[in-house]
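Right, one structure below, let's go through it.
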Amino acid sequence: MNDKIPFIKLFRTLDNFYFFDVNSNSIVRINEAVSHKIEDLIAGNDILNQDMDIARLKKRGYLKANNENIIVEHSALNTVGEYMNGNLRQLILQVTQNCNLRCKYCVYSGSYVNRTHTKKRMSFEIAKQAVDFYFAHNTNKDAGVISFYGGEPLLEMELIKKIVVYSEKLYEGKELRFNMTSNATLLTDEIADFLYEHNFNLTISLDGPEEVHNQSRVFADSKTGTFQCIIKNLEKMIGRYPDYISNISFNAVLDSTNDFKCSSNFLHMIL
């Protein structure tokens, strides 16, 4: 690299312009005009070295030329070994890539250029290996935390039960907490009993009131909204275990065309 050329990489998103400054290991947001100036500077227009915007960035320590001796390291690099050996905080198990919904904004719904929902599932053998590894590397923490994720994890409830039973035996004498993120459409009384018995923290995907939620969160087969099913299951669970409300939280995806306050007020109301 020419020793006068800034050691950077320009890039942009839909809304903003940036450069990655290698020497400072920083990402800096700039406007479009400054981005074009830096492009010209990189192309060899030395007169831009006198430009006020360029001078201001250089004064802040950016746009330096290549330094072959530069070493970029994460601040936690020297403690990674110790952290991995005994301080792993949480184990997240993706028990399935399958889902009974096809949410319109979901990255796996088929509307994006990447993988879609599949019928891939985690075997108990793999889950057991993951739990064993986590247990061996969680020794310095006061508690273990195992979270279940999907797809829709409730599609693999029997697997989850086996993992929970195995983990509780392994962690006997030490606190162990369970988390799950679910669309709650498959929440039966039997599942509610199990989640309550094992003190699961349950995060339910709910975008807001019915007219908002049903715009995107629909069943895979019928294309109908899931709001009424979720509310019915939730009411049954809270009716069965009123104190379980403290273990429930909501995850909402907000569409820019909808009113944030409308969804926020609704979620506060049902809690």
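The values are calculated or read from the model by the stated rules, or taken from the named source; none is laboratory data. Keep in mind it's a predicted model, so treat the numbers as computed, not measured. Note that we place each Cβ from the backbone using ideal geometry, even for glycine, and neighbour counts take in every protein chain shown. Only protein heavy atoms, including side chains, enter the accessible area calculation; ligands, DNA and RNA are left aside. Shrake-Rupley method; radii C 1.70, N 1.55, O 1.52, S 1.80 Å.
Among the criteria (1) over 27 Å from residue 253 (Cβ atoms); (2) in contact with a Pro (Cβ under 7 Å, 6 or more places away or on another chain), the one residue 193 does not fulfil is (2). Tell me, yes or no, whether the stretch 50-68 has at least one residue that is of a type outside the set (Phe, Trp, Tyr), part of a loop (DSSP other than H, G, I, E, B) and in contact (Cβ under 8 Å) with a residue 60 or more places away in the chain. Yes: the stretch 50-68 contains one or more residues that are of a type outside the set (Phe, Trp, Tyr), part of a loop (DSSP other than H, G, I, E, B) and in contact (Cβ under 8 Å) with a residue 60 or more places away in the chain.
Candidates 172, 235, 156, 211: the one that is part of a helix (DSSP H, G or I), of a type in the set (Asp, Glu) and under 25 Å from residue 128 (Cβ atoms) is 156.
For the criterion of being of a type in the set (Ser, Thr, Tyr) and open to solvent by 90 Å² or more (accessible area, probe 1.4 Å), residue 83 passes. Pairs linking a residue in the stretch 179-198 that is at negative phi to a residue that is open to solvent by less than 10 Å² (accessible area, probe 1.4 Å) and of a type in the set (D, E, K, R), with Cβ atoms under 9 Å and 6 or more positions apart or on different chains, are 182/152; 183/152; 185/152; 186/152. Among the numbered conditions (1) in contact with a strand residue (DSSP E or B) (Cβ under 8 Å, 6 or more places away or on another chain); (2) closer than 20 Å to residue 257 by Cβ, the only one that residue 207 does not meet is (1). Any residue at all in the stretch 100-120 that is in a helix (DSSP H, G or I) and either modelled with pLDDT under 85 or open to solvent by 30 Å² or more (accessible area, probe 1.4 Å) (or both)? For the stretch 100-120, residues in a helix (DSSP H, G or I) and either modelled with pLDDT under 85 or open to solvent by 30 Å² or more (accessible area, probe 1.4 Å) (or both): absent. Considering the stretch 69-96, and only residues there that are part of a helix (DSSP H, G or I) and under 30 Å from residue 157 (Cα atoms), the residue that is farthest from the chain's Cα centre (by Cα) turns out to be 86. Residues of the stretch 217-226 that are in a loop (DSSP other than H, G, I, E, B) and hydrophobic (A, V, I, L, M, F, W, C): 220 alone.
Results for (1) hydroxyl-bearing (Ser, Thr, Tyr); (2) touching a Cys at 6+ places or on another chain (Cβ under 6 Å); (3) open to solvent by 20 Å² or more (accessible area, probe 1.4 Å); (4) not in a helix (DSSP H, G or I), shown as yes or no for each residue.
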site: 161; (1), (2), (3), (4): no, no, yes, no
site: 179; (1), (2), (3), (4): no, no, yes, yes
site: 191; (1), (2), (3), (4): no, no, no, no
site: 204; (1), (2), (3), (4): no, no, no, yes
site: 215; (1), (2), (3), (4): no, no, yes, yes
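State the number of residues belonging to the stretch 167-177 that are open to solvent by 60 Å² or more (accessible area, probe 1.4 Å) and either more than 27 Å from the chain's Cα centre (by Cα) or in contact (Cβ under 8 Å) with a residue 60 or more places away in the chain (or both). So the answer is 3. Scanning the stretch 193-202 for residues that are assigned to a helix (DSSP H, G or I) and buried (at least 19 other Cβ atoms within 10 Å of the Cβ) yields a single hit, 195. The residue that is most open to solvent (accessible area, probe 1.4 Å), counting only those in the stretch 134-149 that are assigned to a helix (DSSP H, G or I) and in contact (Cβ under 8 Å) with a residue 12 or more places away in the chain, is 135. When the stretch 30-50 is limited to residues that are loosely packed, with under 11 Cβ neighbours inside 10 Å and charged (D, E, K, R), the one that is farthest from residue 65 (Cα to Cα) turns out to be 32. Of everything in the stretch 234-271 that is β-branched (Val, Ile, Thr) and surrounded by 12 or more Cβ atoms within 10 Å (Cβ to Cβ), the residue that is farthest from residue 192 (Cα to Cα) is 253.
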